[in-house]
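The structure appears below as structure tokens.
Just so it is clear, none of the values below were taken in a lab; they were calculated from the coordinates. Note that the structure is predicted; figures quoted are calculated from it, not measured. In this analysis, Cβ positions are derived from the backbone assuming ideal geometry, glycine residues included, and neighbour counts consider all displayed protein chains.
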Amino acid sequence: MEIKAAVVFETGGEFRIEQLELTDPNDDEVLVRIVGAGICHTDLAGRDHHLPIPGPPSVFGHEGAGVVEKVGARVTKVKPGDHVVLCWDCCGVCTSCKSGKDSYCLNFFLHNFHGARPDGTATLRKGDQVIHGSFLGQSSFADFALANERSVVKVRDDVPLEILAPMGCGVMTGAGAVMNSLRPRPGSSIAVFGVGNVGMSAVLAAAVVGCTTIIGVDVHPDRLEMAREFGATHTVNAAEVDPVEAIRDITGGGADFSLECVGNPKVLRQAVDALPRCGVCGLVGVVPPGTEVSLDMDLLMNGRTVTGIIEGDAVPDLFIPRLVELYSQGRFPFDRMITFYPFDEIGQAVKDMEEGRVLKPVLRP
Ligand SMILES: [Zn+2]
Ligand SMILES: [Zn+2]
């Protein structure tokens, strides 16, 4: 079928809206009419070819939400008309997948960064030219996207669908890091380093699970102010003061939990140094392979833990409906991070995100 998609034709180039040809769903695939597509830093990493993906031309987008249009012959999970959020794809059969740790799938690259289906077949074409698709199992910068039924999460249909787009990555990553990975007890303290959309989702989640000291750390005063509105009890401007000292002062010795959402060795060091004995630091900020960090081994010896977390350790089919439920009860107002853009203003949306003017741009194809 003919679709409209945002194509990147050269590394680091613009997103150009083009008419493309999308193949029919295979037996295990779902065709989704996209109503909201969040933009995440991983899309820009793809545009700039900082990921192990084939070269351009490519269609990115991995925070899609939409309505099921058509399903393959063997699909049982959803039916046409269902509201769905799209997530990454996984193989479903490796040891990670079988342990309920889909985001650590041993075949993650094949299923998400291959530019095509895992079997190598292309889904997108412009005339005779193959356009790389299946980005993180979807390529949802388009009005229609194909996904394996594994990547499709059914959601209730009484919640505005377009706001649910960032549930598929950014919101799930931040909220899941707190609710699934760190699991702070009520009354705990937590310091969130970097309150972009992922960190802000973590702040919201920390409030939901009953953390009583929630410290937002950033260098942008407007973000820190927003973190307070989202439930941070304290904020620290790391451009003005030493965040480790500030956190020790606020908590009387260190935050029980910390979360690094920046992807910076210096910030990870601070997030570990800000822990008390037996504290836990989660790392969600993405860095290029080979990035090293120096840590005080004696500090670690005293019961401290550092753990890497991908996609919030979530099983999306279980976790996303829970977040939607919390949202509908008014306890998880993540939608306040969203700025909507018409699809053909994707260039402006990307610019606004890169220049820090918006937390979470969502396109409406
Ligand atoms: Zn797997
Ligand atoms: Zn993402």
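May I ask you to give the average projected area over all directions of the convex hull of the Cα atoms of region 14-161, in nm² rounded to one decimal?
Result: a mean projected hull area of 8.8 nm².
Using bins of 10 Å that start at zero, the share of Cα-Cα pairs per bin across region 115-192 amounts to 14, 34, 26, 18, 6, 1, in whole %. About its Cα centre, what dipole magnitude does region 225-278 give when the only charges are +1 on Lys and Arg Cβ and -1 on Asp and Glu Cβ, stated in debye to the nearest 20? Dipole of region 225-278, to the nearest 20 debye: 200 debye.
Between F257, S58, V272, the Cα set farthest toward the positive side of the dipole of the chain (charges on each charged residue's Cβ, about the Cα centre) is that of F257. In region 110-219, Cα pairs under 8 Å separated by at least six residues give a relative contact order of 18 percent. Dipole magnitude for region 265-365: computed about the Cα centre from +1 point charges on Lys and Arg Cβ and -1 point charges on Asp and Glu Cβ, it is near 300 debye. Convex hull volume per residue, computed on the Cα atoms of region 208-253, equals 62 Å³. Its DSSP H runs of at least 4 residues, each contributing -39,500 (n - 2.57), put the calculated 222 nm mean residue ellipticity of the chain at -6500 deg cm²/dmol, to the nearest 500. As an equivalent ellipsoid, the chain spans semi-axes of 35, 20, 20 angstrom, where each value is the square root of five times an eigenvalue of the C-alpha gyration tensor, largest first. Put the Cα centre of region 260-335 next to the Cα centre of region 181-206 and the gap is 8 Å. The angle separating the long axis of helix 316-328 from the principal Cα axis of greatest extent in the chain is about 70 degrees. Taking 7 Å steps out from each Cα toward its Cβ at R322 and D158 produces label points 2.2 nm apart. May I ask you to derive the relative contact order of region 1-116, considering only C-alpha pairs under 8 Å and at least 6 residues apart, and to give it as an integer percent? Contact order relative to length: 23 percent.
Checking every one of the trypsin sites (Lys or Arg not before Pro) in region 232-287 against DSSP loop status and a limit of 16 other Cβ atoms within 10 Å picks out R277.
All distinct Cα pairs of region 248-288 go into the 1/r average, and the inverse of that average, the Kirkwood radius, is 10.3 Å. Average 1/r across all pairs of distinct alpha carbons in region 228-328, invert it, and you get the Kirkwood radius: 15.2 Å. Computed over the Cα atoms of region 154-234, the ratio of the radius of gyration to the Kirkwood radius (Rg/Rh) comes to 1.00. Per residue, the average separation of C-alpha pairs within less than 8 Å and at least 6 apart gives region 251-294 a relative contact order of 47 percent.
Phi angles across region 201-213 convert, under the Karplus curve 6.51 cos²θ - 1.76 cosθ + 1.60 with θ = phi - 60°, into 3J(HN,Hα) values of 5, 5, 4, 4, 5, 4, 5, 4, 8, x, 5, 9, 10 Hz, Gly and Pro given as x.
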